[in-house]
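**Student:** Structure in structure tokens, see below.
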Amino acid sequence: MFFSDHGTPDGWTQEHGYGCHTFKWVNANGSFVYVKYHFISKQGQKQLTRQEANRIGGEDPDYSKKELYYKIENGTYPEWTAYVQVMQPEEADPAKLGFDPFDVTKVWPRGQFPMQEYGKIVSVFVVRFYHDQD
């Protein structure tokens, strides 16, 4: 995503998260499905311009860590809605799909494999591992 047209996110809390790997969920009976994870920011998305990203990266390389830290410190707990795409084993044939579902550079079509909400992630704790210059 960083090297795409999406741009550079303005901090960690204003970016969506996407799992590039395909995972295998197995139940107690040994049946399984393949899944891909998605985390959609409830804060929305905001990108920096190239000039802003270059300036901030040079001035404050901990910008994103601090942004997350101060939001949590101020009681604004960032949230992401957690989704999963599910593929049955018999659907994972690259010849039928037209792509390899295990290729980390491929995105599963949402029309064919809809995102299903399963929970949320809330950041309520972060370890402070830098010193303020303020």
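**Student:** Tell me whether the stretch 91-110 contains one or more residues that are small (Gly, Ala, Ser), more than 21 Å from Gly7 (Cβ to Cβ) and loosely packed, with under 12 Cβ neighbours inside 10 Å.
**Tutor:** To start, the set of residues in the stretch 91-110 that are small (Gly, Ala, Ser) comprises 92, 95, 98.
Of the ones still in play, those that are also more than 21 Å from Gly7 (Cβ to Cβ) are 92, 95, 98.
Keeping just the survivors that are loosely packed, with under 12 Cβ neighbours inside 10 Å gives 95, 98.
Yes, because at least one residue in the stretch 91-110 is small (Gly, Ala, Ser), more than 21 Å from Gly7 (Cβ to Cβ) and loosely packed, with under 12 Cβ neighbours inside 10 Å.
**Student:** Okay, moving on. Quick one: what pairs do we get from the stretch 104-129, first residue within 19 Å of Glu90 (Cα to Cα), second at pLDDT 95 or above and part of a loop (DSSP other than H, G, I, E, B), C-beta under 7 Å, 6+ apart or different chains?
**Tutor:** Final answer for the pair search is Lys106/Phe99; Lys106/Asp100; Trp108/Pro101.
**Student:** Can you name the condition, by its number, that Phe102 falls short on among (1) under 23 Å from Val124 (Cα atoms); (2) in contact with a Ser or Thr (Cβ under 8 Å, 6 or more places away or on another chain); (3) at pLDDT 95 or above?
**Tutor:** Among (1) under 23 Å from Val124 (Cα atoms); (2) in contact with a Ser or Thr (Cβ under 8 Å, 6 or more places away or on another chain); (3) at pLDDT 95 or above, the lone unmet condition for Phe102 is (1).
**Student:** Quick one: Glu73 ticks every box in (1) within 17 Å of Lys120 (Cβ to Cβ); (2) of a type outside the set (Phe, Trp, Tyr); (3) over 15 Å from the mean Cα position of the chain (by Cα) except a single one, so which number is it?
**Tutor:** Failing condition for Glu73: (1).
**Student:** Oh, and also: Regarding Glu59, is this residue among the acidic types (Asp, Glu) and within 30 Å of Lys24 (Cβ to Cβ)? Show your work before the answer.
**Tutor:** Details: among the acidic types (Asp, Glu): yes; within 30 Å of Lys24 (Cβ to Cβ): no.
No: the conditions fail for Glu59.
**Student:** Right, another one. Conditions: (1) modelled with pLDDT of 95 or more; (2) surrounded by fewer than 17 Cβ atoms within 10 Å (Cβ to Cβ); (3) of a type in the set (Phe, Trp, Tyr). Tyr70 meets all but one. Number of the miss?
**Tutor:** (1)
**Student:** OK, next. Does Thr81 satisfy being closer than 16 Å to Gln14 by Cα, at pLDDT below 90 and surrounded by 11 or more Cβ atoms within 10 Å (Cβ to Cβ)?
**Tutor:** Numbers: closer than 16 Å to Gln14 by Cα: yes; at pLDDT below 90: no; surrounded by 11 or more Cβ atoms within 10 Å (Cβ to Cβ): yes.
Here the answer is no, as Thr81 does not meet what is asked.
**Student:** When you look at Lys65, is it of a type in the set (Lys, Arg) and surrounded by fewer than 17 Cβ atoms within 10 Å (Cβ to Cβ), yes or no? Steps first, answer last, please.
**Tutor:** On the way: of a type in the set (Lys, Arg): yes; surrounded by fewer than 17 Cβ atoms within 10 Å (Cβ to Cβ): no.
It is false that Lys65 is of a type in the set (Lys, Arg) and surrounded by fewer than 17 Cβ atoms within 10 Å (Cβ to Cβ).
**Student:** Take the residues of the stretch 42-70 that are touching a residue at least 12 places away in the same chain (Cβ under 8 Å) and touching a Phe, Trp or Tyr at 6+ places or on another chain (Cβ under 8 Å): which is nearest to Ser123 (Cα to Cα)?
**Tutor:** Leu68
The values are calculated or read from the model by the stated rules, or taken from the named source; none is laboratory data. Since the model is a prediction, treat every value here as computed from it, not as a measurement. Because the Cβ atoms are built from the backbone with ideal geometry, glycine has one as well, and the counts that use them run over all protein chains shown.
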